[in-house]
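Below is one structure; the comments refer to it alone.
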Amino acid sequence: MKDLDKARENYKKYLSNYDLNDDKIKSKVEHSYRVAGISRKIAKDMSLNEEKQQLAELIGLLHDIGRFKQYETFKNYNVISQFDHGDYGAELLNHEIRKYIETSKYDNIIIKAVKNHNKYKIEEDLTEEELFFSKLIRDADKIDILYECLNIFWKGKEGLINQSILSNEMYEQFKKQKLIKIEKDRNYNTIDDMLITLAYTFDINFKESYKYIKEQDYINKIMQRFKFKNIETKEKVKELINLLNKYIENESK
């Protein structure tokens, strides 16, 4: 894909429409570049050819292009009921995709992947390649969310989380080893919120992605930061994290 450098340059031009001095904007820019790199790595680990690796990287770069309009409008990324950044990003690319890739043969793959990257479930009736790259970007995005869990989301909130009590509802949902549907806006300051995020790991699609998570040891590194005050919560969380680590181990084989 000869125009990947052009895509990066035009992405920078798009970002210049927003306040890059705002830490919230900067964090999403950094997230986009990390996800692009992770997407390429997964594609390489799966032995995809160079063109498909570059396609994976491009989708990673563009997957959150709708986030910036969301933040400009609401000053909040956690508003999910009023603004779907996957839908907005797909709509934007439907009109402006030639800025990022000259050939049209990958248009539907890119747009469908961006649209589906943040959904609870991938839409039906996709082609084989549309489905594959939708799964790949969802994996890369979730992997970087684990990175952000370790380095960004819960910084300075350890005290609040340590004092919170795990709900029975969350305990039972997590044990089902499935993605937990978010019904409301998030604030990342309770153990329930933490487990909703860690449960993203149950929705990973490829063993190469699980190998990456295992190699980075994200789950254990995250949990080392917390010392829960409530004894029952402490024991239940330990049980759930052991369950998650076993799941990752099995899926990475």
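Some observations on this one:
- Across the range 114-153, the number of residues qualifying as assigned by TED's automatic domain parsing to the domain that holds Ile59 and either within 22 Å of Glu235 (Cβ to Cβ) or outside any helix (DSSP H, G or I) (or both) comes to 11.
- Close contacts from the range 91-106, counting a first residue that is over 17 Å from Gly60 (Cβ atoms) and a second that is of a type in the set (A, V, I, L, M), with Cβ to Cβ under 7 Å and a gap of 6+ residues or different chains, come to Asn94/Ile111.
Residue-wise test of (1) among the hydroxyl-bearing types (Ser, Thr, Tyr); (2) under 19 Å from Lys26 (Cα atoms); (3) touching a Leu at 6+ places or on another chain (Cβ under 9 Å).
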{"position": "Ala56", "(1), (2), (3)": "no, no, yes"}
{"position": "Asp64", "(1), (2), (3)": "no, yes, no"}
{"position": "Asn78", "(1), (2), (3)": "no, yes, no"}
{"position": "Ala113", "(1), (2), (3)": "no, no, yes"}
{"position": "Thr127", "(1), (2), (3)": "yes, no, no"}
{"position": "Asp139", "(1), (2), (3)": "no, no, no"}
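- Test result for Asp144, among the acidic types (Asp, Glu), out of contact with any His (no Cβ under 9 Å at 6 or more places or on another chain) and closer than 26 Å to Ser81 by Cβ: no
Rundown of residues vs (1) within 19 Å of the chain's Cα centre (by Cα); (2) at pLDDT below 95, yes/no style:
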{"position": "Asn17", "(1), (2)": "no, no"}
{"position": "Tyr33", "(1), (2)": "yes, no"}
{"position": "Ser39", "(1), (2)": "yes, no"}
{"position": "Ile59", "(1), (2)": "yes, no"}
{"position": "Phe83", "(1), (2)": "yes, yes"}
{"position": "Asp87", "(1), (2)": "yes, no"}
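- Annotation: Asn242 fulfils all but one of (1) closer than 30 Å to Ile42 by Cα; (2) under 21 Å from the mean Cα position of the chain (by Cα); the unmet one is (2).
- So Phe153, is it modelled with pLDDT under 95, hydrophobic (A, V, I, L, M, F, W, C), surrounded by fewer than 21 Cβ atoms within 10 Å (Cβ to Cβ) and within 15 Å of the chain's Cα centre (by Cα): yes
The values are calculated or read from the model by the stated rules, or taken from the named source; none is laboratory data. Keep in mind that what you see is a predicted model, and the values were worked out from it rather than measured. Positions of Cβ are backbone-derived with ideal geometry, glycine not excepted, and every protein chain shown enters the neighbour counts.
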